[in-house]
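Report on the following structure.
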Amino acid sequence: MPAALVMLALLALAFAAAGPAQADSARAKALLAEKNAAVSKVQNAHLSELQSMAQLAVVRDYFLLPEKDRPSRIDAVQKALAGRQMGSELCLIDSRGAEHLRAVRGRLAPSSELAQDEAEAPFFSEAMRLTAGKTYISRPYLSPDVEEWVIGYVVPVIPGQAILHFEHPLRELQAVATQGAAPPNNFVLLLDPRGYIVADSRQPVSLGMVGTDSEPKDYFRTIAGAVPDELAAALKLGGRKEMRTAMDGRNWDVAWREAAGLLVVAFDAN
């Protein structure tokens, strides 16, 4: 066969081999885009609502009053926020870590139950550094009040002086991230910044409090050991946003992207 024909034949084989891989990678990236958008939409909606609450004049003006005058105004603050209750827990906290309002699943806590030590909470130090218009989303943590795994959202009421914080169940993000994935041919994982798998479309991930267990290792698998080492390292360190890997006897195209502190990872079999 002439050399030119041999070359054309080889090129044809090469394009034939590349075509399915490119198509499979496109499917993984399309699944990722869909799930990333769904997670981001939920988080952005929560932050937008929280910001609108923090900007209410009755809330802001409360912290401009002398401390001795605040008790007489807290009822007005509660009334303004009660009709816009969202998530599982909503708190108004000052720079010392003292709660001025807490509502858990719609129930307002009496003043005798309000915490004075929220400065130790996982969101507090970052929240107090927020400037006007900025927001903070925490990594997942186990809420002792809600008794399940949540994500904390925070906006400043008066930067450095007071914050509005609410905890939203992680199960909502778990649902939007995994809905519609179709194992065994594709699936979605949601990772927290420490590499814990907090959502897996192939199997349920328990998010309710169990006894006194409070550490993520008591509830979640880590990505290390769940996927090939090369992929686990790439997901942990960032950098590459897609790759192909062999796992469970199949080849997979994998694509990932951060969504406000969580990592959405899409797998598609090829």
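Looking across segment 181-200, the residues that are within 13 Å of the chain's Cα centre (by Cα) and either part of a strand (DSSP E or B) or free of Cβ contacts under 8 Å to residues at least 24 places away in the same chain (or both) come down to Leu189, Leu190, Leu191, Tyr196, Ile197, Val198, Ala199.
Of the residues making up segment 202-216, at least one is closer than 30 Å to Leu101 by Cα, touching a Phe, Trp or Tyr at 6+ places or on another chain (Cβ under 6 Å) and touching a residue at least 24 places away in the same chain (Cβ under 8 Å). The combined condition, being out of contact with any Ser or Thr (no Cβ under 9 Å at 6 or more places or on another chain) and either of a type outside the set (Gly, Ala, Ser) or modelled with pLDDT under 90 (or both), is fulfilled by Leu207. So which residues in segment 217-226 are within 29 Å of Ala269 (Cβ to Cβ) and touching a Phe, Trp or Tyr at 6+ places or on another chain (Cβ under 9 Å)? Tyr219, Phe220, Arg221, Thr222, Ile223, listed by residue number.
Can you find even one residue in segment 22-35 that is in contact with a helix residue (DSSP H, G or I) (Cβ under 8 Å, 6 or more places away or on another chain), under 30 Å from Ala246 (Cβ atoms) and part of a helix (DSSP H, G or I)?
In the first step, residues of segment 22-35 are kept if they are in contact with a helix residue (DSSP H, G or I) (Cβ under 8 Å, 6 or more places away or on another chain); the result is 35.
Imposing the further condition that a residue be under 30 Å from Ala246 (Cβ atoms) reduces the set to 35.
Next cut, part of a helix (DSSP H, G or I) only: 35.
Within segment 22-35, one or more residues are in contact with a helix residue (DSSP H, G or I) (Cβ under 8 Å, 6 or more places away or on another chain), under 30 Å from Ala246 (Cβ atoms) and part of a helix (DSSP H, G or I).
Considering each of Ala127, Ala199, Ala181 in turn, give the residue that is in contact with a helix residue (DSSP H, G or I) (Cβ under 8 Å, 6 or more places away or on another chain) and modelled with pLDDT of 90 or more.
On the way: Ala127 fails: in contact with a helix residue (DSSP H, G or I) (Cβ under 8 Å, 6 or more places away or on another chain); Ala181 fails: modelled with pLDDT of 90 or more.
So the residue among Ala127, Ala199, Ala181 that is in contact with a helix residue (DSSP H, G or I) (Cβ under 8 Å, 6 or more places away or on another chain) and modelled with pLDDT of 90 or more is Ala199.
Quick one: which of Ala80, Ala3 is modelled with pLDDT under 90 and exposed (fewer than 10 other Cβ atoms within 10 Å of the Cβ)? Among Ala80, Ala3, only Ala3 is modelled with pLDDT under 90 and exposed (fewer than 10 other Cβ atoms within 10 Å of the Cβ).
The values are calculated or read from the model by the stated rules, or taken from the named source; none is laboratory data. Values in this document were obtained by computation on a predicted structure and should not be read as measured data. Reconstructed Cβ throughout: ideal geometry from the backbone, glycine too, with neighbour counts over all protein chains shown.
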